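The values are calculated or read from the model by the stated rules, or taken from the named source; none is laboratory data. Computed from a predicted structure; not experimentally measured. As a convention, Cβ positions derive from the backbone with ideal geometry for all residues, glycine included, and neighbour counts pool all protein chains shown.
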Amino acid sequence: MTDITSADPMVLTAAPPRREIGIKRRYAAERRFRLYGILAISFGVIFLLLLLWSVVSKGYTAFLQTEITVPVTFTEKVIDPQNTRATNPAVLMAANYPVLARDALAKELGVDPADRAALKEVNSMISASVRVQLRDIVVNDPSVIGKTVPVKVLAEGNVDAAYKGHIDLSVPESDRKISDRQLGWIQQLAAKGELASRFNTGLFVNGASSRPEAAGVGVALIGSFFMMLIVLALALPIGVAASIYLEEFAPKNRLTDLIEVNINNLAAVPSIVYGLLGLAVFINFAGLPRSASLVGGLVLTLMTLPTIIIATRAALKAVPPSIRAAALGLGASKMQTIFHHVLPLAMPGILTGTIIGLAHALGETAPLLLIGMVAFVADFPATPLQPSTALPVQIYMWANEAERAFVERTSGAIIILLLFLLAMNIGAVILRRRFERRW
Amino acid sequence: MSGSVVLLCVLAIGIVAFLLGRLRANALAGPKLSNLHSRPVYYGGFVAIWATLPALLLLAFWSITAPSVIQSSVRGSFPAEVLAAPQAEQNLEFGMITSIARGMKLLSPADAETLAGDAATVRTLLSAKGVPLAGDPKPYMLPAADELNRLTDRSNWLMTGAAVLAALGGLVYALRAIQPKLRARNRVERVVLGALLGASSIAILTTIGIVASMLGEATHFFSMVPAHEFFFGTVWDPRFAAAGSGGSEGQFGLIPLLAGTLYIGFVAMLFAVPIGLFSAIYMAEYASPRVRAFAKPLLEILAGIPTIVYGFFALTTVGPFLRDISAQISGLVTGDYANFIQAQSVITAGFVMGIMLIPYVSSLSDDIITAVPRALRDGSLGLGATRSETVKRVILPAALPGIVGALLMTASRAVGETMIVVLAAGVAARMQLNPFEPMTTVTVKIVNQLTGDLEFTSPQTLVAFALGITLFALTLCLNIYALYIVRKYREQYE
């Protein structure tokens, strides 16, 4: 730009040569600048895709579960050697069921019952959850004793991984979790159709388990569901009421100023601080039970309130004053104006904000860790007061497990969580597109 | 009768009250509704409020105070040697009595008979009913538990009676008060306004709750560990002592945690700021509407992904990748395939957190950049500046205060972030400058200190609240400073 002022006026009379204003350099800089922008955006997008790909590629197999169908003979000698079950039902609870499954599988594979090393390897192909599975069969129907019934048992985590191709077979046998002999058996069973992958319903209905193949997010889903209900039932009415007051009624004074600054700050408080609040107030002071989804719901409510209030106020502000003036002019009171006219018009915006707030609450982990939801909960909670866990917390607990099979489960749980979030966000977008009015 | 049943009773009375009130208003109005001051609904609402509100207040007050009254009454009847014991021990004894009392309600009458005869079998009997006891109950506990049950029962009956009476009383009073001249709408609206005001004060209550609860527990902590040792200590070694051993005090130095927090936050900002800012500039100044409509939501998906997912990504993908690639690099350079980047390290956590922060930086800056008026842009372009020159010399300076504010808010998010650092930064509280080594943060230690099974009075647990209040103050200052900058330096274009 300085070139313009320093240009020689004499030149103007002659055929003017192009003034050197560094146009090439400047255009190059322009192109570079533009490139940086494109690079920045593509970097962000690439990492989004990488993140999703890494989760999905690790996790999609979690929706399949390898099962082995074996004809289990419920031998009386193993279950109830003294034949005392009529008088002492506890015998059926404590019997050595895994042996039944092991022997059945060994027979199926043609393993010599005297070869103890081979039997041990056979045993390690079946999930430890078989004990409970067979016990339930026998306890529900004791007449099964002495008969042979085909039972679908879960394959052990390593067999599952090997069948899905997750185990690197080029590694020497001694460093692998699965032996060559077991691999042979897997192929043998798969060829007969007795070992196969099925859709993993257990992932959705089972509770916590130390065995990856039997672990599921059932309890966590229920806990998260309770918490979302509580958040919705508390945060939506309270948030809307607070916003109506602040937006429509509040006189401009110190107190309302304070509330306003407060809400903005609360929106920026780290979520873990809400966990500390919940621990100190709800658990220590009010004496509510630890690990309960009620406490989690209350904490998440407090955390979501600012989001909902901010969204609701924006929605209320967007309703044009002419609507209010018209209602007031026809003789409605201020309260009637707001509840009969302004609020219904603002509802789509409010609901959109609420759904987004709920989605945030659903994915929140840190505060729940502090109120004791990191618990090994295998039983389904029937009420929000019973111990439970939440979907993101379950993910955190599984992420800390060492076994390879848990990585698959964790990714599977993340996929479930992301699908829920996706559904909620799509719902919010649809709501906004369909019902939001521009004035 | 349990509290929820009483609550339902009162609410049912409320509904009846509403209907009665409306009916009576209609009857009073006669043929012309305009004889009434308000519409009949409001008379119904007026009666319903009178029927429920006092009863609900009574219920709330009763259920808050009654347990402590009953407790002190039961405790008053403790034998002298128990009363002489320290408070904590008495609390334990009382906890056991409540367990016994809970168990006794589950017993059949026959079981209760044997129980009364023999105190020693209590434990086995109760554990068969699913109420485990921590120890063998002392003989005085059974009558005490009985007394507790009796008092609680009586209190519940009294509460039910009082609440129902209050509800009915309110109903009758309000019904009698209905006249055509009664300004029912104004009264109802006043109550609604009060409820709205109450709802908006919850925001203040939350803040007070945060500050008070954390200050309370933190002062408890500072009475055990001097404040200067916490704020200026350079060693973090809380030494998890077994509950009750008391003696071994750890060292609770904040500095290494703060250093880790700020370092990881700094690394995250190093990634997030340039990428986020350039994306925002490109999106606001260059991108065609189609690209914008496609890229902006895509980047915002990053903000919607829960942080636990980022943590898992860092733990299983980014960390091992950096570790392996560092081993390859050092192998190529020195021939020794030793990794110099740890799987859990400052760079892993910082990088992944940076990705998480990109959408915050970009969407905040995007809003600010698009808010710069068209005229400034057109003027600069009209004078012959290229687009990038316009951005650099005109738009960015105009948007600077807003952008700085946005960056400060992003930084406060980085400081308060928990799940990524819990999974990817490590737990070793060290002070060092190598970004390839693990460090730890304030948030990680809050989680670590509170997820164990510790008694709640030990400094090992209470330190979490001191850390929490530090974190709260830190983020609050960043946010207030951001607001201040935005307000002070904002250009007014109108």
Report summary line: B:Leu23 passes all but one of the listed conditions (1) of a type in the set (A, V, I, L, M, F, W, C); (2) at pLDDT 80 or above; (3) under 33 Å from the mean Cα position of the chain (by Cα); the exception is number (3)
Query raised in the report: Quick one: which of A:Ser143, A:Ser127 is in contact with a Gly (Cβ under 9 Å, 6 or more places away or on another chain) and either loosely packed, with under 15 Cβ neighbours inside 10 Å or modelled with pLDDT of 80 or more (or both)?
Result: A:Ser127
Query raised in the report: Of the residues that make up the stretch B:153-173, is at least one in contact (Cβ under 8 Å) with a residue 40 or more places away in the chain, facing chain A (nearest Cβ under 9 Å) and assigned to a helix (DSSP H, G or I)?
Result: no
Query raised in the report: What residue, of A:Gly296, A:Gly287, A:Gly331, is among the small types (Gly, Ala, Ser), within 33 Å of the chain's Cα centre (by Cα) and not in a helix (DSSP H, G or I)?
Result: A:Gly287
Query - Qualifying position, being within 14 Å of another protein chain (Cβ to nearest Cβ), of a type in the set (Val, Ile, Thr), assigned to a helix (DSSP H, G or I) and within 30 Å of A:Leu358 (Cβ to Cβ), among B:Val273, B:Val291, B:Val318 - result: B:Val318
Query raised in the report: Which members of the stretch B:143-174 meet the condition of being in contact with a Lys or Arg (Cβ under 9 Å, 6 or more places away or on another chain) and at pLDDT 90 or above?
Result: none
Query raised in the report: Of the residues that make up the stretch B:440-449, is at least one in contact with a Phe, Trp or Tyr (Cβ under 9 Å, 6 or more places away or on another chain) and more than 12 Å from chain A (Cβ to nearest Cβ)?
Result: yes
**Report entry** Given (1) touching a helix residue (DSSP H, G or I) at 6+ places or on another chain (Cβ under 9 Å); (2) assigned to a helix (DSSP H, G or I), number of the condition A:Asp257 does not satisfy
**Finding:** (1)
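Working carefully through the options B:Val463, B:Val404, B:Val391, find the one that is facing chain A (nearest Cβ under 10 Å), in a helix (DSSP H, G or I) and not charged (D, E, K, R). Full working, then the answer.
Numbers: B:Val463 fails: facing chain A (nearest Cβ under 10 Å); B:Val404 fails: facing chain A (nearest Cβ under 10 Å).
Just a single option satisfies the conditions, and that option is B:Val391.
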Query raised in the report: Restricting attention to the stretch A:371-397, which residues are modelled with pLDDT of 90 or more and touching a Leu at 6+ places or on another chain (Cβ under 6 Å)?
Result: A:Ala390, A:Leu391, A:Val393
Query - First in the stretch B:324-339 and touching a residue at least 12 places away in the same chain (Cβ under 8 Å), second anywhere and loosely packed, with under 10 Cβ neighbours inside 10 Å, Cβ under 8 Å, 6 or more apart - result: B:Ala327/B:Ala338
Report summary line: Exactly one of B:Gly194, B:Gly209 is out of contact with any helix residue (DSSP H, G or I) (no Cβ under 7 Å at 6 or more places or on another chain), farther than 16 Å from B:Tyr42 by Cα and free of Cβ contacts under 8 Å to residues at least 12 places away in the same chain, and that residue is B:Gly194
Query raised in the report: Can you name every residue in the stretch B:247-289 that is within 30 Å of B:Ala466 (Cα to Cα) and surrounded by fewer than 19 Cβ atoms within 10 Å (Cβ to Cβ)?
Result: B:Gly247, B:Ser248, B:Glu249, B:Gly250, B:Gln251, B:Ile255, B:Leu262, B:Phe266, B:Leu270
Query - Filter result for A:Gly331 (crowded, with 22+ Cβ neighbours inside 10 Å and not polar (S, T, N, Q)) - result: no
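Can you tell me which residue within the stretch A:398-414, out of those that are outside any loop (DSSP other than H, G, I, E, B) and at the interface with chain B (Cβ under 10 Å from one of its Cβ atoms), is modelled with the lowest pLDDT? Talk me through it step by step, then tell me what you get.
Step one: of the stretch A:398-414, the residues outside any loop (DSSP other than H, G, I, E, B) are A:398-399, A:404-414.
Imposing the further condition that a residue be at the interface with chain B (Cβ under 10 Å from one of its Cβ atoms) reduces the set to A:398-399, A:407, A:410-411, A:413-414.
Details: A:Trp398: 90, A:Ala399: 89, A:Val407: 86, A:Thr410: 91, A:Ser411: 92, A:Ala413: 93, A:Ile414: 94.
By that ranking, first place goes to A:Val407.
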Requested in this report: Looking for whichever is buried (at least 21 other Cβ atoms within 10 Å of the Cβ) and assigned by TED's automatic domain parsing to the domain that holds A:Ala191 here; the options are A:Leu92, A:Leu105, A:Leu109. Which one fits?
Outcome: A:Leu105
Query raised in the report: Which numbered condition trips up B:Gln432, out of (1) free of Cβ contacts under 8 Å to residues at least 12 places away in the same chain; (2) within 24 Å of the chain's Cα centre (by Cα)?
Result: (2)
